[in-house]
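Novice: A single structure is presented below for examination.
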Protein chains: 2
Amino acid sequence: MSVQVNPRKRPVQGRSKETCEAILGAAARILEERGLEAANTNAIAELAGVSVGSLYQYFPGKEAIFAELIRREESGMVERLEALVAGTAGCALEERLRLLVRAGVEQQLARPRLARLLDSVEATLPEDEALRAVERRILDLIRRVLRDHPGEVRRRPSRTTARDVLAMVKGMVDAAGFAGETRPGSLEKRVFLAVLGYLRQPEPRWRAGVVVREALS
Amino acid sequence: MSVQVNPRKRPVQGRSKETCEAILGAAARILEERGLEAANTNAIAELAGVSVGSLYQYFPGKEAIFAELIRREESGMVERLEALVAGTAGCALEERLRLLVRAGVEQQLARPRLARLLDSVEATLPEDEALRAVERRILDLIRRVLRDHPGEVRRRPSRTTARDVLAMVKGMVDAAGFAGETRPGSLEKRVFLAVLGYLRQPEPRWRAGVVVREALS
DNA sequence: GCATGATACGAGTAATTGCTCGCATCCTCA
DNA sequence: TGAGGATGCGAGCAATTACTCGTATCATGC
């Protein structure tokens with residue numbers, strides 16, 4: 001019943017490493033070119049130029065392949081972001097946010113369809129502690145930046161705020177990729193504005209008595 | 001090869017309407033409770049209490065069922081939103097946005113997993129003119145609201161701005177639903193702040209000479 | 001009530017997909 | 001160099017899934 005998402009056996013020789021890479025690369029290409037339904041083990045093995053037997057030697061099933069792709073994508077991302085945060089410790093909030101946004105946009109726009117699909121596949125996979133840890137690191141990193149500039153931000157540096165920021169970035173970038181935007185410049189600027197706007201927007205002051213009559217019958 | 005997403009035959013008698021509804025309801029429940037992989041035609045028919053033969057009488061395949069679910073969801077949404085915009089013609093921008101956000105949040109949070117899955121399924125379906133039309137109506141509606149309050153918004157009322165707003169709302173609400181948020185109040189407020197912040201955030205003034213040294217080796 | 005079309009049924013078939021296993025080949029190291 | 005482990009192979013079986021079709025039942029108009 002339950003789905004196994006961990007690799008079955010670690011490759012030790014050089015050629016088996018290549019086999020694994022070929023499998024992962026083929027899975028990625030099929031996902032982005034033909035979609036999730038087309039990404040079955042036979043098709044992956046064939047495009048990889050490898051037999052199904054070899055595939056199953058290293059992965060217990062296609063979910064494990066997807067999971068490995070996600071792990072690589074996410075951990076590459078988080079390491080880039082953490083280096084960025086560490087390397088801009090003295091910089092202004094706007095500069096740091098701009099760089100973080102740029103990294104996120106570039107990552108997601110490099111292979112938009114693949115990134116989008118991996119995101120949605122991730123939601124269907126069983127809980128993976130390694131992935132949860134990476135997710136936490138990203139959220140913590142956002143909170144750290146917010147905490148470094150207390151006077152400039154009106155949102156609390158909570159997990160919720162971090163999740164909101166991450167979600168709006170992902171949402172906007174995914175939509176842009178889907179709509180065919182490929183030049184990162186304009187998108188990056190808009191995402192940056194959105195993030196900054198959310199963090200700086202003051203709580204609205206309720207003018208007493210302003211109640212909207214229900215607009216629907 | 002290509003996938004047919006239009007219904008095969010319109011039900012004319014009452015009982016066949018019920019059959020169709022049962023099929024659509026069962027498909028929705030399987031999607032939200034067991035995920036996309038489990039939503040095959042046999043399972044849908046069984047849960048609907050209907051034979052596969054009956055299912056295929058009205059839908060050429062499972063994709064057509066999903067497409068119908070999406071069409072209903074989207075067109076229900078767009079009609080609610082359009083009524084809202086029309087009914088608040090004289091109101092302040094903030095009130096109108098708040099109501100729009102509320103409608104979106106409530107819709108998506110009513111059955112978060114289903115809404116999320118339908119969104120990702122939609123991306124894999126072939127182009128459907130009816131769905132593109134609904135999408136356009138939503139974007140136009142956002143642009144109309146922006147145009148109604150020219151002095152209060154710093155973004156152009158373009159398709160891109162509308163897409164950005166829609167994407168950040170969807171992104172935030174999806175993430176919140178996935179994280180287990182069920183109370184709409186707090187989420188609604190944060191999404192509202194994000195939208196307002198994006199629309200009002202001024203373009204940053206570049207202080208000349210502020211260039212960030214590359215933070216990575 | 002009966003003729004006709006609409007609706008429902010579900011066993012059964014074709015196609016797809018997941019996965020195994022026995023055997024061939026390659027690599028490493030003593 | 002040869003023994004043993006690592007790697008690769010792919011035919012083929014089992015399980016799943018999509019879908020059809022002959023038959024039975026129901027609804028409606030006459």
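The values are calculated or read from the model by the stated rules, or taken from the named source; none is laboratory data. Remember, it's a predicted structure, so these values are computed and weren't measured experimentally. A quick note on method: Cβ atoms are made from the backbone with ideal geometry, for glycine too, and the neighbour counts reach across all protein chains shown. Only protein heavy atoms, including side chains, enter the accessible area calculation; ligands, DNA and RNA are left aside. Shrake-Rupley method; radii C 1.70, N 1.55, O 1.52, S 1.80 Å.
Novice: I'd like the full set of residues that are farther than 22 Å from A:Asp174 by Cβ and open to solvent by 50 Å² or more (accessible area, probe 1.4 Å), limited to region B:139-148.
Specialist: B:Arg144, B:Arg147, B:Asp148
Novice: Restricting attention to region B:175-191, which residues are more than 7 Å from chain A (Cβ to nearest Cβ) and either touching a Pro at 6+ places or on another chain (Cβ under 9 Å) or surrounded by fewer than 22 Cβ atoms within 10 Å (Cβ to Cβ) (or both)?
Specialist: If the condition is that a residue be more than 7 Å from chain A (Cβ to nearest Cβ) and either touching a Pro at 6+ places or on another chain (Cβ under 9 Å) or surrounded by fewer than 22 Cβ atoms within 10 Å (Cβ to Cβ) (or both), then B:Ala176, B:Gly177, B:Gly180, B:Glu181, B:Thr182, B:Arg183, B:Pro184, B:Gly185, B:Ser186, B:Glu188, B:Lys189 are the ones that fit.
Novice: Another question, if that's okay. Looking at (1) part of a helix (DSSP H, G or I); (2) open to solvent by less than 40 Å² (accessible area, probe 1.4 Å); (3) closer than 27 Å to B:Ala133 by Cα, which is the one condition that is false for B:Pro60?
Specialist: Of the numbered conditions (1) part of a helix (DSSP H, G or I); (2) open to solvent by less than 40 Å² (accessible area, probe 1.4 Å); (3) closer than 27 Å to B:Ala133 by Cα, the odd one out for B:Pro60 is (1).
Novice: May I pose another question? Do you know which of the residues in region A:16-34 that are within 14 Å of another protein chain (Cβ to nearest Cβ) and either over 17 Å from A:Leu118 (Cα atoms) or open to solvent by 10 Å² or more (accessible area, probe 1.4 Å) (or both) is nearest to DNA strand D (Cβ to nearest atom)?
Specialist: Top of the filtered list is A:Arg34.
Novice: Answer yes or no as to whether A:Ala110 is open to solvent by 20 Å² or more (accessible area, probe 1.4 Å), of a type in the set (A, V, I, L, M, F, W, C) and facing chain B (nearest Cβ under 10 Å).
Specialist: no
Novice: Conditions first: (1) over 21 Å from B:Ala176 (Cα atoms); (2) in contact (Cβ under 8 Å) with a residue 60 or more places away in the chain; (3) not aliphatic (A, V, I, L, M). A:Glu135 passes all but one, so which condition is the exception?
Specialist: (1)
Novice: Of the numbered conditions (1) buried (at least 17 other Cβ atoms within 10 Å of the Cβ); (2) assigned to a helix (DSSP H, G or I), B:Gly151 fails exactly one; give the number of that condition.
Specialist: Unmet for B:Gly151, out of (1) buried (at least 17 other Cβ atoms within 10 Å of the Cβ); (2) assigned to a helix (DSSP H, G or I): (1).
Novice: Name the residues in region B:192-203 that are at the interface with chain A (Cβ under 7 Å from one of its Cβ atoms) and closer than 20 Å to A:Ser186 by Cα, would you?
Specialist: B:Ala194, B:Leu196, B:Gly197, B:Tyr198, B:Arg200, B:Gln201
Novice: Let me ask something else about it. If only one of A:Arg163, A:Arg136, A:Arg156 is assigned to a helix (DSSP H, G or I), more than 9 Å from chain B (Cβ to nearest Cβ) and closer than 22 Å to B:Val173 by Cβ, which one is it?
Specialist: Residue meeting the stated conditions: A:Arg136.
Novice: Taking the options A:Leu81, A:Leu141, name whichever one is part of a helix (DSSP H, G or I) and away from chain B (no Cβ under 13 Å).
Specialist: Matching residue, one of A:Leu81, A:Leu141: A:Leu141.
Novice: When residues of region A:1-38 are filtered for being within 11 Å of DNA strand C (Cβ to nearest atom), part of a loop (DSSP other than H, G, I, E, B) and touching a Phe, Trp or Tyr at 6+ places or on another chain (Cβ under 8 Å), how many remain?
Specialist: Adding up the residues that qualify gives 1.
Novice: Looking at region A:204-212, is at least one residue facing chain B (nearest Cβ under 8 Å) and at pLDDT 95 or above?
Specialist: Looking through region A:204-212, none of the residues is facing chain B (nearest Cβ under 8 Å) and at pLDDT 95 or above.
Novice: Among the listed residues A:Asn6, A:Asn42, identify the single one that is of a type in the set (S, T, N, Q), within 26 Å of the chain's Cα centre (by Cα) and not assigned by TED's automatic domain parsing to the domain that holds A:Ala115.
Specialist: A:Asn6
Novice: Please indicate, with yes or no, whether at least one residue in region B:54-69 is of a type in the set (Phe, Trp, Tyr) and near DNA strand D (Cβ under 10 Å from one of its atoms).
Specialist: Yes.
Novice: Yes or no: B:Ala89 in a loop (DSSP other than H, G, I, E, B), more than 12 Å from the chain's Cα centre (by Cα) and either modelled with pLDDT under 95 or within 12 Å of chain A (Cβ to nearest Cβ) (or both)?
Specialist: The answer is yes for B:Ala89.
Novice: Still on this structure, I have one more. Since B:Glu68 meets every condition but one in (1) touching a residue at least 12 places away in the same chain (Cβ under 8 Å); (2) more than 16 Å from the chain's Cα centre (by Cα); (3) more than 26 Å from B:Val153 (Cβ to Cβ); (4) more than 13 Å from DNA strand C (Cβ to nearest atom), which condition does it not meet?
Specialist: (2)
Novice: Based on this model, can you work out whether A:Gly49 counts as away from chain B (no Cβ under 14 Å), more than 11 Å from DNA strand C (Cβ to nearest atom) and at positive phi?
Specialist: It is true that A:Gly49 is away from chain B (no Cβ under 14 Å), more than 11 Å from DNA strand C (Cβ to nearest atom) and at positive phi.
Novice: Also, quick follow-up: I'm trying to understand the selection: among the residues of region A:39-53, which are assigned to a helix (DSSP H, G or I) and away from DNA strand D (no atom under 12 Å from the Cβ)?
Specialist: Within region A:39-53, A:Ala43, A:Ile44, A:Leu47 meet the criteria.
Novice: So in region A:154-174, with the set limited to residues that are among the charged types (D, E, K, R) and within 13 Å of the chain's Cα centre (by Cα), which one is most open to solvent (accessible area, probe 1.4 Å)?
Specialist: Ranking the qualifying residues of region A:154-174, first place goes to A:Lys170.
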